[in-house]
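Contents: one structure, followed by commentary.
The values are calculated or read from the model by the stated rules, or taken from the named source; none is laboratory data. Being a predicted model, the structure only gives us computed values, none of them experimental. All Cβ positions, even for glycine, are placed from backbone atoms using ideal geometry, and neighbour counts span all protein chains on display. Just so you know, the surface numbers come from the protein's heavy atoms only, side chains and all, with ligands and any DNA or RNA stripped out. Shrake-Rupley method; radii C 1.70, N 1.55, O 1.52, S 1.80 Å.
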Amino acid sequence: MNENVNSPAMWLRYLLYVGIAAMANSLLGLFLPGKLSTWIGFAVSAATVYLLFRLISANSRYKTAALFGAGALICNLLGIASLSLAASICAIVAQYQEYQAHSELIAEQDSRLAGKWSSLFWLQFGVEVITVLLTAVFVGVLVAASGMDAAVVTGLVTVIVAVFSVVLKLLYLSYLNRTVKLLEEA
C-alpha cells in the first residue's frame, strides 16, 4: 500500500475499515438496541466525515460529501425531531457525492466499477424511498388485516429492512475494497 499521507488509497482503506465498523454497529443495533449503538453510530459518522475531508485533494466531490455528512451528523447529534428531514437530506446528498467521487476517481481504470458506484447510489436511494413509503402502509395493513400486534409487525418490518441494508452495505464494502485495490495498483 502506498504510505504517502495524501494517498487516496490509504484514506479509502481507512474508510473501508470505518464502513466495516458501521455495518457491525448496524447489526449490534438490531440485537442490542439502545444508546450504545447510537453513540457508536455518531463516532462512525464523525470518522467518515474526517476521512472524506482527507480525500478532498483526490476529488472535489469529497468536500461536498464531508460538509453534508457533517450537517447530517450535527442534526442527528442535536436530537431535535424537526431536524430529522434536514439530516436525511444531508445524508442523501453526502452519499451521492461520496459515491460519485469514488466513481470519478477510478473511471479511467475501471469504467464498469465506476458505473456500479452510480448504480449503487440509486439502488440504495430507491430502497430507502420504498422502505419509507411502504413501511407505514405495510404495518397498517398487516395490523388491520391480521389483527397482529403493531409491535410484532414493526419488528418484522425492521428485520426485513435490516436484511436489505446489510446486503447494500456489503455491496458498498465490496466496491470500496475493489476501488482501493485499483488505486494501490496504479
Correct option for Rg/Rh (Cα atoms, Kirkwood Rh) [calculated from the coordinates] among (1) 1.18; (2) 1.01; (3) 1.11 = (2)
query = How much FRET efficiency would the formula 1/(1 + (r/R0)^6) give for Val132 and Leu77, where r is the Cβ-Cβ distance and R0 is 22 Å, rounded to 0.05?
reply = 0.50
note = Over the chain, with neighbouring protein chains present, the accessible area per residue in Å² at probe 1.4 Å is 55
note = For the chain, the dipole about the Cα centre with charges only on Cβ (Lys and Arg +1, Asp and Glu -1), to the nearest 20 debye, works out at 120
message = Over the chain, with a Gaussian network built from C-alpha contacts below 10 Å, which listed residue (Gly41, Gly155, Gly71) shows the highest mean-square fluctuation?
response = Gly155
message = Which order do the peptides 11-19, 118-126 come out in when sorted by mean C-beta neighbours inside 10 angstrom, highest first?
response = 11-19, 118-126
inquiry  = Ignoring GluC sites (Glu not before Pro) that are buried or in helix or strand per DSSP, and keeping those with at most 13 other beta carbon atoms within 10 Å, what is the longest stretch of the chain between them?
reply    = 4-107
message = Within segment 63-186, what whole-number % of the accessible surface is contributed by carbon and sulfur, with the 1.4 Å probe and all protein chains included in the calculation?
response = 71
query = Pulled fully out, how much extra length does the chain show between Lys63 and Ile89, if you take 0.36 nm times their separation in residues and subtract their Cα-Cα distance?
reply = 7.7 nm
remark   = Along the dipole axis of the chain (charges at Cβ: +1 for Lys and Arg, -1 for Asp and Glu; origin at the Cα centre), the most positive-end residue among Ala46, Tyr96, Thr179 is Ala46
query = Under 24 Å from the Cα of Lys116, which lysines turn up, not counting those fewer than eight places away in the same chain?
reply = Lys63, Lys169, Lys181
task = Rounded to the nearest 500, what is the 222 nm mean residue ellipticity of the chain from helices alone, with -39500 (n - 2.57) per DSSP H run of 4+ residues and division by all residues?
result = -30000 deg cm²/dmol
